[in-house]
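Below you'll find the structure, written out as structure tokens, and then a few comments.
The values are calculated or read from the model by the stated rules, or taken from the named source; none is laboratory data. This is a predicted model, so every value here is computed, not measured. Here the Cβ positions follow ideal geometry from the backbone for every residue, glycine too, while neighbour counts run over all protein chains shown.
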Amino acid sequence: MRPFRNRLTFIMMTLIGLSMLGAGFAMANVFKQSHIAILEDNMVREIKLMQATMEFPPLEREQKIQYYTEKSRQLDALTEARVTFILKDGTVIGDSEKDPDSMDNHAYRDEMLQAKEEGAGSAIRYSSTLGQDMLYVALPVKQGDYDGYIRLSMSLKEVDQGVKQGWAVMGGGIIILFVLAAFVSYRVAASLTSPLEKITRVARQITRQDYDARVRFHRKDEIGQLAYAINGMADSLQTQLQTIKDNEAMLQSVLDNMTGGIVMLGHDGNIVLVNRAAEQMLGIKADNVTGKSYRELRQHYELTKLMEEGLEHRNNFREERSLYFPMESIVRLDGVALLQEDGTYRGMLFLLQDVTDIRRLERMRSEFVANVSHELKTPLAAVKGFAETLLGGGVKDDETSRSFLQIIYDESERLNRLIRDILELSKIESKRIAVEYSPIHLSTFFESLMKFMRPEAAKKRISLSMQVPEELFMEGDEDKLRQIFTNLLSNAINYTQEGGRVQLTVRDMHRAEQGDTVEFTVMDSGIGIPKKDLPRIFERFYRVDKARSRSSGGTGLGLSIVKHLVDLHHGTIKVESEVGMGSSFVIEMPLLQEND
Ligand code: ADP
């Protein structure tokens with residue numbers, strides 16, 4: 001593609017060609033004219049020479065013709081020109097080539113008229129007799145008996161041949177010059193257009209988003225300035241693009257790292273953007289849904305209904321809906337109409353917030369409050385009732401009033417325990433509890449714990465045994481561990497009938513994945529726990545048998561606290577049980593605690 005270069009070359013070549021041709025013609029013309037002028041001068045001189053040297057004797061007409069014909073032929077042989085003798089009245093009386101009698105009157109030939117008026121005449125005519133251009137020169141001659149004209153005529157063939165030769169020489173020169181000129185003008189055109197072509201190429205590269213493309217030459221002229229401007233434009237585009245890319249990356253990382261989901265719909269209802277959190281919440285892939293209608297999210301029927309309303313009414317709203325896919329959850333959906341500065345509507349932005357945990361916690365909290373008030377009410381009612389009876393003075397005998405007072409004491413003790421456990425639990429749950437790890441020598445630790453538990457077991461004649469490796473140390477919070485095992489052992493003793501058995505076993509474990517751990521098993525031969533209750537016994541206030549728990553002084557919070565304390569030690573707790581056969585609680589905790 002170089003039309004401009006070609007056009008430029010063509011124009012330059014045409015101009016050069018035309019001017020060379022013009023010069024050629026002018027030169028040929030000058031050459032011919034000067035040749036003819038010289039020829040004319042010579043012929044005039046020859047005629048004058050004839051006039052001076054020839055004899056013009058007085059003769060009769062017949063003899064005259066004979067004489068001048070003879071003379072004309074002699075002179076023709078000498079001068080190599082046709083010689084004609086013409087009388088004043090135009091009659092030809094001698095000619096070196098034709099018979100004068102057969103020739104017409106010559107008075108009105110151009111050269112004759114001119115010779116008559118100016119003293120010398122010349123003309124160029126095509127002679128059909130000879131088939132060539134002829135130059136005629138005539139002079140009036142008045143000498144002796146002769147009064148007329150002598151006319152010489154010569155063929156212009158030689159002149160034409162000279163011109164032709166000149167043309168041949170000049171043609172060769174012109175061709176050589178033309179080739180040279182072609183070469184030079186092509187180079188000139190190229191030097192003009194090739195930088196433009198380079199600039200065009202770079203501009204095209206930039207259009208194809210190759211922003212590294214630059215014009216690589218340096219010139220001080222206007223083309224150089226154009227190149228400089230193009231390079232400047234590319235620089236500016238590149239930095240702008242980088243800024244845009246950086247901003248985009250930043251926005252993308254903000255979008256991706258948001259905990260809230262974002263779904264953006266265009267005004268036509270097509271999905272424009274879905275961030276990572278929304279992908280997870282809705283169980284979709286952004287790549288599969290972007291560019292498609294929001295109706296593609298049809299497995300979330302309620303959500304698409306809300307989107308539809310949002311698109312229709314173009315106003316902001318906040319609603320909560322349950323999702324059943326990819327898992328059951330509650331989602332708060334904020335719809336925001338996207339309006340541009342000039343007020344045009346661009347679509348809707350939906351913010352999704354998973355509020356499942358918040359709602360569950362809220363429910364748990366209100367249930368907890370209800371449970372707590374219920375749990376507190378029962379002992380309080382007992383305390384109040386018995387105290388009223390006593391105050392009423394209706395009870396006379398000492399023994400009954402003593403037993404009443406005992407009940408009041410027991411119930412207030414229970415209240416005390418209950419409040420203590422509730423406070424403890426809320427402290428743990430709100431993470432307001434400090435954990436202080438230290439190395440614990442397990443056999444010493446359990447020895448002292450057993451000493452404390454034994455009297456209670458002895459009351460029910462329950463055999464309490466333990467099996468702890470002698471040299472085993474573990475890292476843990478001693479107070480919390482004591483609380484864990486006091487609770488578990490108290491439960492084991494409480495829920496085992498008289499004469500039963502409770503056993504504590506400690507084992508040192510080596511686990512490939514989680515490193516060294518310690519396994520604690522508290523096993524009893526007690527009443528056991530029904531299968532259906534097993535998953536729930538770690539819940540707050542959950543009791544298999546309310547009456548039994550109450551009679552044993554339980555609060556229903558013990559296992560809940562144990563579970564939390566085990567979690568604090570990064571451990572796990574499991575329970576296995578069979579009704580009537582006994583239960584065993586298995587705790588596994590890391591031997592060493594990693595620093596948080
Ligand atoms: P409680 O104060 O009632 O003992 P816990 O949270 O300690 O409360 O225990 C929850 C419930 O789990 C108990 O009410 C009891 O029904 C059952 N349970 C706990 N430990 C045992 C056990 N070793 N044997 C049988 N049932 C048990």
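I need a count of the residues in the range 332-375 that are among the acidic types (Asp, Glu) and either assigned to a helix (DSSP H, G or I) or in contact (Cβ under 8 Å) with a residue 24 or more places away in the chain (or both).
5
Restrict the check to the range 476-491 and report whether at least one residue is surrounded by 15 or more Cβ atoms within 10 Å (Cβ to Cβ), of a type in the set (A, V, I, L, M) and within 7 Å of the ligand (Cβ to nearest atom).
No, every residue in the range 476-491 fails to be surrounded by 15 or more Cβ atoms within 10 Å (Cβ to Cβ), of a type in the set (A, V, I, L, M) and within 7 Å of the ligand (Cβ to nearest atom).
Given the conditions (1) under 60 Å from the mean Cα position of the chain (by Cα); (2) modelled with pLDDT under 95; (3) of a type outside the set (Phe, Trp, Tyr), which single one is not true for residue 518?
Unmet condition: (2).
Does residue 425 satisfy being within 16 Å of the ligand (Cβ to nearest atom), modelled with pLDDT under 95 and under 60 Å from the mean Cα position of the chain (by Cα)?
Spelling it out, residue 425 is indeed within 16 Å of the ligand (Cβ to nearest atom), modelled with pLDDT under 95 and under 60 Å from the mean Cα position of the chain (by Cα).
Suppose the filter is under 14 Å from residue 40 (Cα atoms), among the small types (Gly, Ala, Ser) and touching a strand residue (DSSP E or B) at 6+ places or on another chain (Cβ under 7 Å); does residue 122 pass it?
Yes, satisfied.
Looking at the range 382-496, what helices (runs of 4 or more DSSP H) fall wholly within it and have at least 3 residues that are free of Cβ contacts under 8 Å to residues at least 40 places away in the same chain and within 18 Å of residue 569 (Cα to Cα)?
Once the helices (runs of 4 or more DSSP H) in the range 382-496 are filtered for at least 3 residues that are free of Cβ contacts under 8 Å to residues at least 40 places away in the same chain and within 18 Å of residue 569 (Cα to Cα), what remains is 478-494.
How many residues does the range 500-517 contain that are closer than 30 Å to residue 360 by Cβ and surrounded by 19 or more Cβ atoms within 10 Å (Cβ to Cβ)?
Count: 0.
Scan (1) outside any helix (DSSP H, G or I); (2) within 12 Å of the ligand (Cβ to nearest atom); (3) in contact (Cβ under 8 Å) with a residue 24 or more places away in the chain for the single condition residue 562 breaks and write down its number.
If we test residue 562 against (1) outside any helix (DSSP H, G or I); (2) within 12 Å of the ligand (Cβ to nearest atom); (3) in contact (Cβ under 8 Å) with a residue 24 or more places away in the chain, just (1) comes out false.
Of everything in the range 535-547, what is more than 7 Å from the ligand (Cβ to nearest atom) and either among the charged types (D, E, K, R) or part of a helix (DSSP H, G or I) (or both)? Give them in sequence order.
Correct list: 535, 536, 539, 540, 546, 547.
A quick yes/no check of all residues on (1) under 22 Å from residue 523 (Cα atoms); (2) surrounded by fewer than 16 Cβ atoms within 10 Å (Cβ to Cβ); (3) at pLDDT 95 or above:
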position: 405; (1), (2), (3): no, yes, no
position: 414; (1), (2), (3): no, no, no
position: 431; (1), (2), (3): no, yes, no
position: 434; (1), (2), (3): no, yes, no
position: 447; (1), (2), (3): yes, yes, yes
position: 450; (1), (2), (3): yes, no, yes
position: 461; (1), (2), (3): yes, yes, yes
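Considering each residue of the range 342-399, count those that are in contact with a strand residue (DSSP E or B) (Cβ under 7 Å, 6 or more places away or on another chain) and among the hydrophobic types (A, V, I, L, M, F, W, C), and give that number.
6
Within the range 12-46, work out how many residues are within 60 Å of the chain's Cα centre (by Cα) and modelled with pLDDT under 85.
Of the residues in the range 12-46, 5 are within 60 Å of the chain's Cα centre (by Cα) and modelled with pLDDT under 85.
Answer yes or no: is there a residue in the range 518-534 that is within 21 Å of residue 435 (Cβ to Cβ), crowded, with 16+ Cβ neighbours inside 10 Å and either near the ligand (Cβ under 7 Å from one of its atoms) or hydrophobic (A, V, I, L, M, F, W, C) (or both).
Yes, that holds for at least one residue.
Can you name every residue in the range 566-577 that is at pLDDT 95 or above and either closer than 18 Å to residue 542 by Cα or out of contact with any strand residue (DSSP E or B) (no Cβ under 6 Å at 6 or more places or on another chain) (or both)?
Result: 573, 574, 575, 576, 577.
Can you confirm whether the range 504-513 contains a residue that is within 56 Å of the chain's Cα centre (by Cα), away from the ligand (no atom under 14 Å from the Cβ) and not in a strand (DSSP E or B)?
Yes, the range 504-513 has at least one match.
Give me the pairs, please: first residue somewhere in the range 517-543 and of a type in the set (Asp, Glu), second residue anywhere and part of a helix (DSSP H, G or I) and within 6 Å of the ligand (Cβ to nearest atom), beta-carbon distance under 6 Å, and either six or more positions apart or on two chains.
If the second residue must be part of a helix (DSSP H, G or I) and within 6 Å of the ligand (Cβ to nearest atom), the pairs left are 524/492.
Of the residues 70, 97, 62, 55, only one is under 13 Å from residue 141 (Cβ atoms), outside any strand (DSSP E or B) and of a type outside the set (S, T, N, Q); which?
Just one listed residue meets the conditions, 55.
Among the residues that make up the range 244-254, is at least one of them among the hydroxyl-bearing types (Ser, Thr, Tyr) and over 22 Å from residue 315 (Cα atoms)?
yes
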